[in-house]
Amino acid sequence: MAKKISLPLRNLTGKPVRTAVLISLTALLTLTVLAGSIIVSSLRQGLHSLEARLGADIMVVPYEATTKSRLENIVLQGNTGYFYMENALYDKVAAREGVGQISAQLYLASASAGCCSVPVQIIGFDPETDFTITPWIKKSYGKPLADLDIVVGNDLNAFVGDTLTFYGVDCRVAAKLDKTGTSFDTAVFTNQNTIKALIRSSVDRKMNDFQKLDPDKVVSCILINPADGYSVEEVVNDINIHVKKVKAIRTKEMISGISESLSGVSDITVILIAAVWLLGIVILLLAFTMSVNERKREFAVLRVIGSSRGMLASVVLREALTIGVIGGIAGAALALLIVLPFNSLIETQLGLPFLLPAAGTLIALTVAALLIAVLVSALASALSAYRISRLDPAVILRGDQT
Amino acid sequence: MKLLAEQVSKEFLRENRAKGTNSFFAVQETDFALEEGTLTVLMGRSGSGKSTLLNMLGGLSIPSSGRVLLDGNDLYALPDRERSHQRNRHFGMIPQGQTALQSLTVLENILLPYSLYGEEPDADRAEELMQLLDIGSLRDAKPAELSGGELRRTAIARALIRRPAVILADEPTGDLDDENTAAVFRLLKNAAGAGASVLVVTHENDAMQYADRLYRMHAGVLTAE
């Protein structure tokens with residue numbers, strides 16, 4: 001018994017090199033659009049995550065820290081560092097008109113020497129007033145942090161129950177946070193009592209830049225949200241004018257550099273995707289046109305034995321759709337295999353907040369890339385399909401006979 | 001089935017840079033009947049219009065005027081899909097030149113008319129035709145491996161696979177030696193004997209001996225002999 005013949009499949013397998021080239025091209029198009037989309041989406045997600053994690057509209061730091069790059073290095077780049085200002089400045093800032101939510105943080109950087117398990121940024125927050133870190137930590141750890149308990153960022157190689165030592169003080173890992181794609185993924189969070197104990201120990205071991213530091217009398221950073229009826233601008237200006245030795249910074253302004261870099265990377269990615277697609281579509285269009293032209297006589301024969309115009313167009317379109325589906329799946333798989341396992345490397349290379357979208361978004365992006373691959377293949381072949389459906393078989397088969 | 005052409009003509013436009021566009025008639029207004037159970041031979045020189053007439057009869061080339069009736073039904077009044085289906089079911093056409101699909105084997109090429117509309121192929125008939133046309137050993141060969149004569153015989157087997165009521169053959173023996181030419185004409189004669197309406201367009205005089213009816217064509221004008 002003879003098997004049923006699928007003409008599109010037979011045409012594709014009959015020309016394996018041409019088919020492989022077309023599938024590879026479609027795969028490349030899908031790869032660029034999916035990998036590019038995931039990267040752009042991850043950068044945007046990273047920026048949103050950073051904005052959410054900063055959690056306050058205004059940061060007030062000692063004036064010398066604004067040598068701004070130092071602050072930015074710590075908050076945005078994930079470098080370690082610390083700076084301090086007197087508690088009295090906190091009281092002055094808190095007393096200013098327009099200040100709504102306010103909370104202080106203490107910073108400390110652990111050392112890479114034997115006294116510390118890992119060199120990380122340690123951030124001490126005040127659970128009673130904090131409004132930025134506590135809501136986030138609550139997702140991973142529902143209870144208040146006990147003294148000498150720490151919560152670690154997602155990128156740190158430590159797990160719940162582990163003990164990390166900082167300046168000779170053993171701290172228990174109470175929780176590990178979800179990934180944020182920001183510098184906070186490599187930080188450690190703890191309460192005021194614990195960070196003060198760590199600062200004291202670092203001073204005692206002469207490993208702190210501030211040798212006469214009393215952690216009970218200092219803060220590193222003050223986080224503020226304006227009260228209702230006051231704008232961020234008003235509160236920032238008021239603090240900068242009336243409180244000496246400090247600098248109030250809009251957090252949005254601090255991350256504006258990142259926004260600009262992200263916008264630049266996004267633009268370049270979009271331009272690259274557009275260039276690859278333009279080239280790919282032209283090549284696909286030419287390839288389908290040439291492929292159909294060289295088989296004009298075969299299509300005329302199909303008309304002779306009873307194919308309708310629609311059936312001829314369907315053969316061309318089904319060939320293109322098969323190429324689109326196979327190339328799309330291959331390209332999408334390749335994009336996921338490149339971007340997902342190597343997202344940390346991409347983050348490091350870009351030096352920007354980078355957070356992979358949720359699984360649902362990834363699936364949606366993948367499905368969209370596949371649909372685009374199939375659609376582009378269909379469109380590239382549509383002209384050929386139309387032309388072949390219009391061909392006059394009598395003219396093609398007649399050659400130069402009448 | 002009876003195939004009738006009423007006052008059919010075919011006009012083509014010719015582009016000429018110097019003289020502009022002008023037209024000429026490949027087939028002048030013609031009446032023609034292809035009767036059941038007869039083998040009709042249409043002879044004429046190259047360019048006389050005989051292939052154009054055959055294509056109009058086969059539903060492949062819309063006449064500039066006139067009608068083509070298959071058992072009284074106007075073929076060109078049907079939508080393309082229906083006309084194509086009619087061609088698949090009732091017509092066996094042997095076009096000029098090499099017409100095998102390169103990606104299919106000889107057997108698959110022969111059975112192709114069944115595949116178009118998803119019908120169960122008649123493998124026994126294919127075997128019978130391949131034996132009669134002496135291409136039985138080539139069933140799994142691809143067209144690129146065949147000679148011109150073998151390709152021609154493959155096209156003939158494909159045209160006859162569905163035992164069509166109307167057979168339209170355009171120079172069916174062009175690439176064949178005397179022995180195979182005789183075999184093909186015997187096959188076509190047998191088909192006519194079984195009730196088919198057969199038209200053979202050729203410029204070979206040998207065909208005359210098989211003809212029940214003979215026509216000649218010259219400059220688009222058809223004359224019966």
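Annotations
- Taking the numbered list (1) within 25 Å of B:Ser147 (Cα to Cα); (2) facing another protein chain (nearest Cβ under 7 Å); (3) under 17 Å from the mean Cα position of the chain (by Cα) in turn, B:Ala100 passes all entries but (2).
- Residue that is nearest to A:Ser112 (Cα to Cα), among those in the range A:163-184 that are at pLDDT 85 or above and out of contact with any Ser or Thr (no Cβ under 7 Å at 6 or more places or on another chain): A:Thr163
- Hey, A:Val265 farther than 22 Å from A:Gly324 by Cβ and within 14 Å of chain B (Cβ to nearest Cβ) or not: no
- Restricted to strands (runs of 3 or more DSSP E) entirely inside the range A:141-244, those with at least 2 residues that are crowded, with 19+ Cβ neighbours inside 10 Å, assigned by TED's automatic domain parsing to the domain that holds A:Met85 and without any contact (Cβ under 8 Å) to a residue 60 or more places away in the chain are A:149-152, A:163-166, A:169-176.
- When B:Ala219, B:Ala169, B:Ala183 are checked against the criterion of being in contact (Cβ under 8 Å) with a residue 24 or more places away in the chain, among the aliphatic types (A, V, I, L, M), out of contact with any helix residue (DSSP H, G or I) (no Cβ under 6 Å at 6 or more places or on another chain) and on the phi > 0 side of the Ramachandran plot, B:Ala219 stands alone in meeting it.
Listed here are the residues, each with its yes/no results for (1) at the interface with chain A (Cβ under 9 Å from one of its Cβ atoms); (2) under 29 Å from B:Ser23 (Cα atoms); (3) at pLDDT below 95.
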residue: B:Val41; (1), (2), (3): no, yes, no
residue: B:Gly44; (1), (2), (3): no, yes, yes
residue: B:Gly49; (1), (2), (3): yes, yes, yes
residue: B:Leu60; (1), (2), (3): yes, yes, yes
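- Count - residues of the range B:203-219 that are part of a helix (DSSP H, G or I) and either surrounded by 15 or more Cβ atoms within 10 Å (Cβ to Cβ) or among the β-branched types (Val, Ile, Thr) (or both): 2
- Each residue in the range B:118-154 was checked for being buried (at least 16 other Cβ atoms within 10 Å of the Cβ), part of a helix (DSSP H, G or I) and within 14 Å of another protein chain (Cβ to nearest Cβ), and 8 of them qualify.
- Members of the range B:16-39 found to be within 14 Å of another protein chain (Cβ to nearest Cβ) and either without any contact (Cβ under 8 Å) to a residue 60 or more places away in the chain or not polar (S, T, N, Q) (or both), listed by number: B:Ser23, B:Phe24, B:Phe25, B:Ala26, B:Val27
- Residue that is farthest from the other protein chains (Cβ to nearest Cβ) [pool: residues in the range A:269-323 that are crowded, with 22+ Cβ neighbours inside 10 Å, closer than 30 Å to A:Ser37 by Cβ and not aliphatic (A, V, I, L, M)]: A:Phe288
- Odd one out for B:Ser48 among (1) more than 15 Å from the chain's Cα centre (by Cα); (2) surrounded by 14 or more Cβ atoms within 10 Å (Cβ to Cβ); (3) in a strand (DSSP E or B): (3)
- Annotation for the range A:339-358: at least one member residue is modelled with pLDDT of 90 or more, more than 14 Å from chain B (Cβ to nearest Cβ), under 19 Å from A:Gly36 (Cβ atoms) and assigned to a helix (DSSP H, G or I).
The values are calculated or read from the model by the stated rules, or taken from the named source; none is laboratory data. None of these values were measured; they are calculated from a predicted model. We place every Cβ from the backbone using ideal geometry, glycine too, and count neighbours over all the protein chains shown.
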